[in-house]
Structure formats: C-alpha cells, structure tokens
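Please read the structure below before turning to the comments.
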Amino acid sequence: MPGIPLLVFLAIVILYLLNCIKILREYERGVIFRLGRALPEPKGPGIIFVFRPFDQIVRVSLRQEVMEVPPQDVITKDNVTIKVNAVITMRVMDPAKAVIEVSNYVYQTSQFAQTTLRSVLGEVELDGLLSHRDVLNQRIQTIIDLRTEPWGVKVVSVEVKQVDLPESMLRAMAKQAEAEREKRSKIINAEGEFAAAQRLVEAANQLATQPYTLQLKYLQTLIDIGVEKNTTIVFPLPMELLSLLSKALPAAPAATPPEQK
C-alpha cells in the first residue's frame, strides 16, 4: 500500500522531534554547539530543541557551588609551618565562557585557590593570620576572582576553614596565655591594694576630725568579739591614757655607785 511508507516516514520524523526535545531546569543553561560552532546565547530554562547529530548540548548549572581546598603546607612570615584549608563558594555567571574558555572550570579554580592560599598566607605572621582572618579572606577572594572572571565564573566568598598548628607552637601559645592571665591578675590585685590604701587614708582623715569615733570603733570591736563567744577578751586601751600615765608617774631614781673606802 502506498500510504505505509508515508506513515513510516511520519513516525520517524515524530520520534526524531520528540528525541530533540530537552527540558532544562530553572538553574540550568544549555550551551549549544551547532556543527562545532557555539551559538551566541545559551538556551534555557524550559523546553529547547537539540537537533542531533548537528547539535551538541553542554549543560551548565548556575547554582552556587562549594568547593573545599585541600590542606596546604604554609610557612608564615615568622617561619612557622602550619596546615591550612579553606572553603570557596562560586557560581557561573556566563555559561558560554565557562564551557569554551576552560576545559574544567572547577578544577582550574581549585588549583588557583591552592596557589593563592599559600602565597597570601606566607606573607603574614601567625598572629596576623589568627586575628585578621576576615581581611585575609577578602584578599584571597579578590585575587581568585580576578583570575576566574575571564571564564565567566564569580568567586562569591573564601573562608579559611581550619589552621593546624604544631604541638610545640600550641604549648608555647598556652604558656603565653597563662603568663598574660597572671599579668592581668597581678595588675588587678595591685589596683585593688591601691584603692584600699586610698580608702584607708580617707578613713584615717575622717577619724582624725572626730576623736570620739575611735572610741565607738573600739566598742564595736568588743561587740564583735563577744558574738563569737570567745573566752579571752581583748580590751583596747587608748594611747592617750598611756601617755597620761607616763606623765603622772615619777621618774625612777638613778642608781648611785657604791662609795669607795
């Protein structure tokens, strides 16, 4: 029957067209190579047509990707050997450049991140690395982003994840921290002694203006002793009374040497 070949042809065409239909998700773009040449604009998202074997598609994700930089041996400016690893967050901004300019933008970004991490951290001292980590993260992110921008890749952030110190350095830092805390305790103790001495001077000046306040202080001391139920009572004797007694008593006569015969 003459209509059978036509039906077969139509069925083949329909199957071919159905096979050419591709669905790209919202975060995906398709870079189409038609006869080896890339089309000016990536396709997607949604339904697109890829006419094989003339067209080839490379799917590229536009979502942020997190990549961990393996631990790197770094010698700081003050000659301390440490191991440092970092985490890089990046995303593809131009899918065509990410596919055409480099063979594997993830691997190449990782290699640049390793070299940049070693070079930047090798220019600072250990104390600066531990205390100014945010500044170093921003500097590393800027350097890597300048290198990946021609590929259409944006480095969003770089975070130094972990710094492994040698055992000798950990012991030295522990001793330093202990000495610093001891120094602070001594300074606080000295400040307390100074404040107490000032208060005592002020109290002595206040008592000197009112002599009877010292007698009241004596009586308060007796009350405090009596509350503790002690068997021995110490009665404070005013110094003025001792001076009056020493004036009232006559001076003892001086011993005369015996007469010589």
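Readers should treat all values here as calculations from the given coordinates under stated rules, not as data from a laboratory. These numbers were taken from a predicted model, which means no experiment stands behind them. No Cβ is skipped: glycine too gets one built from the backbone with ideal geometry, and neighbour counts run over all protein chains shown.
Quick look at the numbers
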{"read-out": "Rounded if a/c under 1.5, otherwise prolate or oblate - the range 1-123, Cα gyration tensor axes", "value": "prolate"}
{"read-out": "Gap separating the Cα centres of the range 133-173 and the range 1-76, nearest whole Å", "value": "36"}
{"read-out": "Neighbour-count order for 55, 224, fewest beta carbons within 10 angstrom listed first", "value": "224, 55"}
{"read-out": "Restraint check, 22/97; 83/154; 77/175; 161/183; 22/161, Cα-Cα greater than 30 Å", "value": "161/183; 22/161"}
{"read-out": "Stretchable slack from residue 80 to residue 47, in nm (0.36 nm times residue separation minus alpha-carbon distance)", "value": "6.2 nm"}
{"read-out": "Residue order, fewest to most surrounding Cβ atoms within 10 angstrom, among 59, 181", "value": "181, 59"}
{"read-out": "Residue-by-residue Karplus 3J(HN,Hα) for the range 189-203, coefficients 6.51, -1.76, 1.60, Hz, glycine and proline x", "value": "5, 5, 5, x, 4, 5, 5, 5, 5, 4, 5, 5, 5, 5, 5"}
{"read-out": "Distance histogram in 10 Å bins (all Cα pairs of the range 65-167, percent per bin)", "value": "16, 49, 25, 10, 1"}
{"read-out": "Shape of the range 17-59, Cα gyration tensor, a/c cut at 1.5", "value": "oblate"}
